[in-house]
Ligand SMILES: O=C(O)c1ccccc1N[C@@H]1O[C@H](COP(=O)(O)O)[C@@H](O)[C@H]1O
């Protein structure tokens, strides 16, 4: 696994403006997340493409987040934005995830929404997807809820990811106030959107606080 400034991989997601995108590029995050799904954070492919054309992506990887897309919708995004990772955040089947993998030859991550059946669900995607994001969902939102799931269950997810030999990110309700508690579980990666926002916009002070607290709690590098 490649190294980064932080030992725990960091994804800042839901960048909905040029300023958000620029702020994340300037941060220590490894992954820049863009939402191509129905959300207040949704960005049009051409808009994200224009940010990329102007600012590039530095040494970050671009993750496109989709909810039950068609292959054609993903293709349209890829024409405008050179994504590194396709994150499927809805109820996409293992068969569909396999088709996405075959068609685009990019990393495919599957979001697993925490429930008492979610470890079983993960097993269905073994050898198909390249990684997981475990998130919380609400009645009307597939992600970006700002709410966390029961973190006592994290070790079970990490164990299954270890069996499958793929990375696993924890998402949902992570914020500066609880990041230290999360780091105690030693996740491979963390993925945040709501917790680094103030009044719906990305907040560089919250981003900095997250990174400082990650370093203080388990990240040994000095970068
Ligand atoms: O962020 C969104 O608006 C979103 C919409 C639809 C699907 C996924 C979405 N975001 C994902 O949710 C988590 C972040 O959650 P939180 O806001 O920190 O609680 C992350 O995986 C995003 O990719």
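Data for the structure
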{"quantity": "Residues (within 16 Å of the ligand (Cβ to nearest atom) and surrounded by fewer than 18 Cβ atoms within 10 Å (Cβ to Cβ)) located in the stretch 71-87", "calculated": "73, 84"}
{"quantity": "Pair list, Cβ under 6 Å, 6 or more apart: the stretch 82-99 residue over 17 Å from residue 135 (Cα atoms), other residue part of a helix (DSSP H, G or I) and more than 16 Å from the ligand (Cβ to nearest atom)", "calculated": "94/124"}
{"quantity": "Residues within the stretch 19-37 that are within 14 Å of residue 81 (Cα to Cα) and surrounded by fewer than 20 Cβ atoms within 10 Å (Cβ to Cβ), tallied", "calculated": "0"}
{"quantity": "Identity of the residue in the stretch 187-220, in contact (Cβ under 8 Å) with a residue 60 or more places away in the chain and assigned to a loop (DSSP other than H, G, I, E, B), that ends up farthest from the ligand (Cβ to nearest atom)", "calculated": "220"}
{"quantity": "Scope the stretch 38-60; condition touching a residue at least 40 places away in the same chain (Cβ under 8 Å) and surrounded by fewer than 20 Cβ atoms within 10 Å (Cβ to Cβ); matching residues", "calculated": "39, 40"}
{"quantity": "Residue 106 being closer than 22 Å to residue 41 by Cα and free of Cβ contacts under 8 Å to residues at least 40 places away in the same chain", "calculated": "no"}
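Just so you know, all these numbers are worked out from the coordinates, no wet-lab data involved. Computed from a predicted model, the values in this text were never measured in an experiment. Cβ: placed from backbone, ideal geometry, glycine included. Neighbour counts: every protein chain shown.
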